[in-house]
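K.L.:
Input: one structure, supplied below.
The values are calculated or read from the model by the stated rules, or taken from the named source; none is laboratory data. Bear in mind the structure is a predicted one, so any value in this text is a computation, not a measurement. Here Cβ is always computed from backbone atoms with ideal geometry, including for glycine, and neighbour counts include all displayed protein chains. Please note that ligands, DNA and RNA were not included when accessible areas were found on the heavy atoms of the full protein model with its side chains. Shrake-Rupley method; radii C 1.70, N 1.55, O 1.52, S 1.80 Å.
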Amino acid sequence: RAMRVCAVSLPELRIELVRADLDPASAERPLAVVVASPPMTEAKLLGNTRLSVVSREARALGVLPGQTIAQARARAGDLAVRVVRPDAVHDVLARLAEVGLAFGATVSFSSSMDGEVVRPSSFTPGFGDIVWIDVTGCAHLHAPRSSSSIFDGETILASRLAGVITSLGHTCAVAIADGPRVAAMLARARAESAARAALGSRSRRSSASALLDLEPLVVRPGDNARAIASLAVAALPLPAEDVRWLAKVGVRTIEEMRALPRAGLGARLGARARDVLSLVDGDDRAPLAPYVPPEIPEEEAELEYGIEGTQALTFVAKTLTDRLSARLQGRAVAAARLELELLLDAAMLREAGSSIATDPPGEGRNGESRVALVELDLPAPLGAASDLLAALRPKIERLVLAAPVLGAKLRAPVLVHKRAAALSLFEPQPKAERALPRLVAELVSDLGPEAVTSLVLGDSWVPEERSRLVAFEATAKSARDTTGSSRGNTKRKRRMLASVPEPTRLLTEPRPIAREGVRVTRHLSRLESIEWWKAAPREKSGEANGSSARRGAVDYVQAWTDDGAAMLEIDRTTGAMRVRGWFD
C-alpha cells in the first residue's frame, strides 16, 4: 500500500517572519528579504546584494527574487529590505512540524533556500518551505461514521491542519497524495497559482484572502499520474538548464514530457533520470526523514527595542504561549512547570553590586546577571494557550526589572501526558473540571502554593478529622485515581457518612467556654474508644494533643452561645465544655 503524505507549502514564510516585527503602519509597504547568516546585517547590505524572497506588493511593482537591491529599488523606491537568518526559518518549520504530530506519527520538513541566494540562472533542487506529515492510516480518525472512504477523512484532516497553520499566522497550501514529492509538487503549484491570481488584485486584503481561502487538495490513492499531468516541468526537481531545454523542444507540462522517448530523455537527464521519470509517471516511493523534536519544548522571541512595561511584556508572553501551546497539543502533553527567561539590556543595567528583582524572595534568581528568570510550578498541568498566559500574568505583573527586556524565552521543562476524553452528546460537560485548573494556577501564581489548598473529606468519625486541606495537585491525583479504579470494575471508595448536622467552620484548636450562657438545643453524637489502634497502649489513658485516639468519652452537642450557634464538645468525665466549631 502506498504511503499517504500530507505536504504543507509555506510560500510567504520568510515575509511573515519580517512582517511580525514591523510596525503595523508599514504593512502595505513593499518588502524584500535576504536570507543570510551572520555576520551579515541590514547595515552591511550593498546595492549588488541579491534578493531571496519578495512580497506580493513588491512583485506587483516588478520586483522579482534574484534581482539586486539596486535593480529592485529602481522599480520600487520605497522597498524595504530585511535580513532573515536561516536559523529563524528552521525554527519556524520545526515548530510547524511539531504541530503536525497531532495529525500523523511521522513528520519532516525541508527548506531549499536556507542560507542560499536564488538566482534566475541557477536552480536549487527542492520544493521551497515544506512540512510533510505521514497520514497513512489516519483518515478514519477524522471521517464521519457514515463514510467508508478514506477520501472523506483525509479531506477533513487536511482542512483541520490548514486551519491550525493559518491560526498561527501563516499562509499555506495543503495537498495529500501518494508520496512526499508528489504532494509537495502539488502543494507548491497550488500556492504559486493562487499567488499569480492575487497579483491582479490591487487590494492587499483581497490578495491575501485569495491565498487564505485555498481549499486543500486531496488526490485519491493511485491517482498521482493524473493529478500532476497539468503541472509545469519546472515543478520537477530538475536543473534550470534541463527545464530550458525541454521548453525549447516544446515540452512545458509533465503530460507532454511523458510522450518523449524514454531512452533519449534518460540520456539527457543523466544520473537523476530514474527518479525524475518515476515522478513523471506518478510513482513516488521516497521515504521521509523523521524529525525528532527536542525533549524540552522552548519558544524564543527577540525584540528590536527594549521593553519595560508589564503590558508590553504580557503581549510578548502571549505570543510565546500561543506557540508553545500548539507544540504541546502536537505532542499530546501538558506543562506542569513553566520557566520564562528574560534577557535584559546589559548597557542599562545598574552598577556593579545591584541585583535584578524578579520575584518575591526565594522564587527567582537574583544577582548580577543579564538574565531574569520567572519560574512557576503549576498545581495542575495546563496545555491551552489562554490557560498558560493566565498563569504567567500575575508573575509578570509583579516583575521589577533593572533594565529593559531585549529577548524572552519560554520553556516547559516538566511535561505530563494529557489524556484525551471524548465528549458525550447525552451527558452534560462539567465546566468546573475545565475552569478549576486555570483558576488554581492563577491563584498559585499570585498568592503562592502554600496559600492555595483544596478541602477534601476524611474517613474518620472525629469531627476535626472529617475534612482537611490538601494541595490541589494531590486532590486532582486522588480524583483521577478514584475515576480510574471505578472504570476498572473495582469497588468505589466508601465514605463514613453522618446523619447529624456538621459545623460549617471548625476551629484548629478547641476553645474553652463557661457553662453560663450556654443553651444546649440538640445532642449530636457520643464518641468513646474510637480508632484506638492509632495510639500506643501507654498513650491511651492520657489527654491528646488533638488526637482522637487518646481522647476520653465525649459528647458533641449543638448549642446557642453569645456568639451564635456552636458545636460544643463536653468531656463526660470532667464536664468541661469546649467550642469545636460554628454553624453559620
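K.L.:
So for the stretch 444-454 (the condition being modelled with pLDDT of 50 or more, open to solvent by 30 Å² or more (accessible area, probe 1.4 Å) and not in a helix (DSSP H, G or I)), does at least one residue qualify?
P.N.:
Checked the stretch 444-454: at least one residue is modelled with pLDDT of 50 or more, open to solvent by 30 Å² or more (accessible area, probe 1.4 Å) and not in a helix (DSSP H, G or I).
K.L.:
Filter the stretch 166-193 for residues that are surrounded by fewer than 21 Cβ atoms within 10 Å (Cβ to Cβ) and among the hydrophobic types (A, V, I, L, M, F, W, C) and give the result.
P.N.:
Once the filter is applied, which keeps residues that are surrounded by fewer than 21 Cβ atoms within 10 Å (Cβ to Cβ) and among the hydrophobic types (A, V, I, L, M, F, W, C), the stretch 166-193 yields only Leu168.
K.L.:
For the stretch 272-307, what are the residues that are among the charged types (D, E, K, R) and out of contact with any strand residue (DSSP E or B) (no Cβ under 7 Å at 6 or more places or on another chain)?
P.N.:
Once the filter is applied, which keeps residues that are among the charged types (D, E, K, R) and out of contact with any strand residue (DSSP E or B) (no Cβ under 7 Å at 6 or more places or on another chain), the stretch 272-307 yields Arg272, Arg274, Asp275, Asp281, Asp283, Arg285, Glu295, Glu304.
K.L.:
Applying the selection to the stretch 215-235, what residues are under 13 Å from Asp284 (Cα atoms) and charged (D, E, K, R)?
P.N.:
Of everything in the stretch 215-235, just one residue is under 13 Å from Asp284 (Cα atoms) and charged (D, E, K, R), namely Asp223.
K.L.:
Could you say whether any residue in the stretch 293-300 is at pLDDT 90 or above, outside any loop (DSSP other than H, G, I, E, B) and either among the small types (Gly, Ala, Ser) or open to solvent by less than 70 Å² (accessible area, probe 1.4 Å) (or both)?
P.N.:
yes
K.L.:
Something else now. Quick one: in the stretch 367-405, of everything that is farther than 30 Å from Arg419 by Cβ and in contact with a Lys or Arg (Cβ under 7 Å, 6 or more places away or on another chain), which residue is modelled with the highest pLDDT?
P.N.:
For the stretch 367-405, the residue satisfying everything is Leu373.
K.L.:
Please state which of the following conditions Ser149 fails to meet, knowing it meets all the rest: (1) open to solvent by less than 10 Å² (accessible area, probe 1.4 Å); (2) modelled with pLDDT under 90.
P.N.:
Condition (1) is where Ser149 drops out.
K.L.:
Another question, then. Give the residue, chosen from Leu161, Leu157, Leu141, that is crowded, with 21+ Cβ neighbours inside 10 Å and over 22 Å from Ala195 (Cα atoms).
P.N.:
Among Leu161, Leu157, Leu141, only Leu157 is crowded, with 21+ Cβ neighbours inside 10 Å and over 22 Å from Ala195 (Cα atoms).
K.L.:
Which ones in the stretch 376-404 are aliphatic (A, V, I, L, M), within 19 Å of the chain's Cα centre (by Cα) and assigned to a helix (DSSP H, G or I)?
P.N.:
Answer for the stretch 376-404, where residues must be aliphatic (A, V, I, L, M), within 19 Å of the chain's Cα centre (by Cα) and assigned to a helix (DSSP H, G or I): Ala385, Leu388, Leu389, Ala390, Ala391, Leu392.
K.L.:
Also, I was wondering about something else. Quick one: in the stretch 106-118, of everything that is of a type in the set (A, V, I, L, M, F, W, C) and more than 16 Å from Ala7 (Cβ to Cβ), which residue is modelled with the highest pLDDT?
P.N.:
Out of the qualifying residues, it is Met113.
K.L.:
Looking at the stretch 95-113 only, could you name the residues that are open to solvent by less than 10 Å² (accessible area, probe 1.4 Å) and either under 13 Å from the mean Cα position of the chain (by Cα) or free of Cβ contacts under 8 Å to residues at least 12 places away in the same chain (or both)?
P.N.:
Result: Leu96, Ala97, Glu98, Val99, Gly100.
K.L.:
For the structure I just gave you, tell me whether Arg73 is closer than 30 Å to Asn224 by Cβ and part of a helix (DSSP H, G or I).
P.N.:
no
K.L.:
Continuing with the same structure: Just to be sure I understand the filter: pairs with C-beta atoms under 7 Å, separated by 6 or more residues or on different chains, first member in the stretch 497-518 and small (Gly, Ala, Ser), second member modelled with pLDDT of 85 or more and surrounded by 15 or more Cβ atoms within 10 Å (Cβ to Cβ). Which pairs pass?
P.N.:
Note: pairs meeting the criteria are Gly517/Thr561.
K.L.:
Being within 30 Å of Leu101 (Cα to Cα) and among the polar types (S, T, N, Q), is that true of even one residue in the stretch 24-39?
P.N.:
For the stretch 24-39, residues within 30 Å of Leu101 (Cα to Cα) and among the polar types (S, T, N, Q): present.
K.L.:
Working carefully through the options Ala559, Ala474, find the one that is among the small types (Gly, Ala, Ser) and modelled with pLDDT under 60.
P.N.:
From the options Ala559, Ala474, the qualifying one is Ala474.
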